[in-house]
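The values are calculated or read from the model by the stated rules, or taken from the named source; none is laboratory data. As the structure is a computational prediction, the values presented were derived from the model and not from experiment. Don't worry about glycine lacking a Cβ; one is built from the backbone with ideal geometry, like all the others, and counts go over all protein chains shown.
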Amino acid sequence: MQEKRVKTNQIELQIRDYENGREGIIFLHFSGANLLMWQRTIPFFLDIYRLVLVDLRGHGKSDKPQTGYDMDEMARDVSGVMEQLKLDRAHIIGSSMGAEVGLSLAANFPEMVRSLVCDGALSSEYGPYGTWAGSKDEFKEHVAGSLDQMHNSPEKIYPSVDGLIEKSRESLEEIGWWNEYVEAMERYGANVLEDGKVTRGFRKFAREDYYKHYFQYRLEDYYKKVQCPILMVPGEDVYENKREIAAMEGLRKLAAQAQILRVEGWEHPYGWLINPDPMCQAILKFLSRVTP
């Protein structure tokens, strides 16, 4: 395994490159996570594929520019990483925000993507493939209120990395999403300020920029452009929401080669750190079918 920084799109991203196997898989983490979220996933694929784990911009050890946190800009970041690694084509596995980035990559750089696994990016916030049940004006009011609240809330600052970890433990233990792997991811991503105090790796300014774009995404514009095979894997909670199911089914029909797979008990997005086995086995079966 090589750990290195790669220059791309006028910034540098931190990656881990496991150069085993013939074909590559690029792993793209969820918002607020980092490349260590895949630590329990690696053994399932390591003997077969070349694995590239990426800290997306604003996360982990990668650069944290003030802007550029929309799915298309981050997809350009990843395409640049592939070019620098001389990785012409790869399978993409993305979780939540990482699935959005993977979807943009597959839509806008089709020659680079062999297949796409989406643990997330399965519905828009608004529109015919969205989950919003109210009017357009109500949605605009909701977005404005959410962004205002985010902007006016102070960034959480902790006295030390251990202080940040303790806060994370308190919130995640309650829902069964805490273990040694989550702790390792949190420690890796902690951002130490000049005065020695600590913030979470995905800074407030970056989250604001991300959500400014997120509410406007219309994922149907992407799905209808993707030609490679797509495996859409929702969390178990999606099946409790009829609007989400309908949106997901609609997006599936827009794509050239998409299927929805229910992985029983899947907990989005922390399942990769809590119990990745069923998801990884499902993905391996999917890849065996789509790989010549």
(request) For Trp38, work out the one condition from (1) without any contact (Cβ under 8 Å) to a residue 12 or more places away in the chain; (2) closer than 19 Å to Met97 by Cα it doesn't fulfil. (result) (1)
(request) Name every residue in region 60-75 that is within 24 Å of Tyr222 (Cβ to Cβ) and surrounded by 24 or more Cβ atoms within 10 Å (Cβ to Cβ), in order of residue number. (result) Tyr69, Met71, Met74, Ala75
(request) Considering only region 161-194, state which residues are in a loop (DSSP other than H, G, I, E, B) and either of a type outside the set (Asp, Glu) or modelled with pLDDT of 95 or more (or both). (result) Ile175, Gly176, Trp177, Trp178, Asn179, Ala190, Leu193
(message) Against the conditions (1) at pLDDT 95 or above; (2) more than 24 Å from Tyr181 (Cα to Cα), where does Val52 fall short? Just the number, please.
(response) (2)
(request) Kindly indicate whether any position in region 160-171 is more than 30 Å from Ile274 (Cβ to Cβ), surrounded by fewer than 17 Cβ atoms within 10 Å (Cβ to Cβ) and without any contact (Cβ under 8 Å) to a residue 12 or more places away in the chain. (result) no
(message) From the list Arg57, Arg50, exactly one residue is over 14 Å from the mean Cα position of the chain (by Cα), under 27 Å from Gly271 (Cβ atoms), among the charged types (D, E, K, R) and buried (at least 19 other Cβ atoms within 10 Å of the Cβ). Which is it?
(response) Arg50
(message) Could you go through region 133-145 and let me know if any residue there is of a type in the set (A, V, I, L, M), free of Cβ contacts under 8 Å to residues at least 12 places away in the same chain, out of contact with any His (no Cβ under 6 Å at 6 or more places or on another chain) and surrounded by fewer than 19 Cβ atoms within 10 Å (Cβ to Cβ).
(response) yes
(request) Quick one: which residue in Phe30, Phe45 is of a type in the set (Phe, Trp, Tyr), over 28 Å from Lys204 (Cα atoms) and surrounded by 18 or more Cβ atoms within 10 Å (Cβ to Cβ)? (result) Phe45
(message) Restricting to region 2-45, give me the number of residues that are on the phi < 0 side of the Ramachandran plot and either in a strand (DSSP E or B) or at pLDDT below 95 (or both).
(response) 24
(request) Please list, ordered by first then second residue, the pairs with beta carbon atoms under 8 Å, 6 or more apart or interchain, first in region 51-66 and farther than 25 Å from Asp88 by Cβ, second of a type in the set (S, T, N, Q) and surrounded by 23 or more Cβ atoms within 10 Å (Cβ to Cβ). (result) His59/Asn34; Gly60/Asn34; Lys61/Asn34
(request) State whether one or more residues within region 281-290 are in a loop (DSSP other than H, G, I, E, B) and either under 19 Å from the mean Cα position of the chain (by Cα) or without any contact (Cβ under 8 Å) to a residue 40 or more places away in the chain (or both). (result) no
(request) Identify all residues within region 102-120 that are outside any strand (DSSP E or B) and in contact (Cβ under 8 Å) with a residue 24 or more places away in the chain; write none if there are none. (result) Gly102, Leu103, Ser104, Leu105, Ala106, Ala107, Asn108, Phe109, Pro110, Met112, Gly120
(message) Among the residues in region 121-143, are any over 24 Å from the mean Cα position of the chain (by Cα), in a strand (DSSP E or B) and at pLDDT 95 or above?
(response) no
(request) Would you confirm whether any residue within region 10-27 is in contact with a Gly (Cβ under 9 Å, 6 or more places away or on another chain), of a type in the set (Ser, Thr, Tyr) and either without any contact (Cβ under 8 Å) to a residue 40 or more places away in the chain or surrounded by fewer than 24 Cβ atoms within 10 Å (Cβ to Cβ) (or both)? (result) no
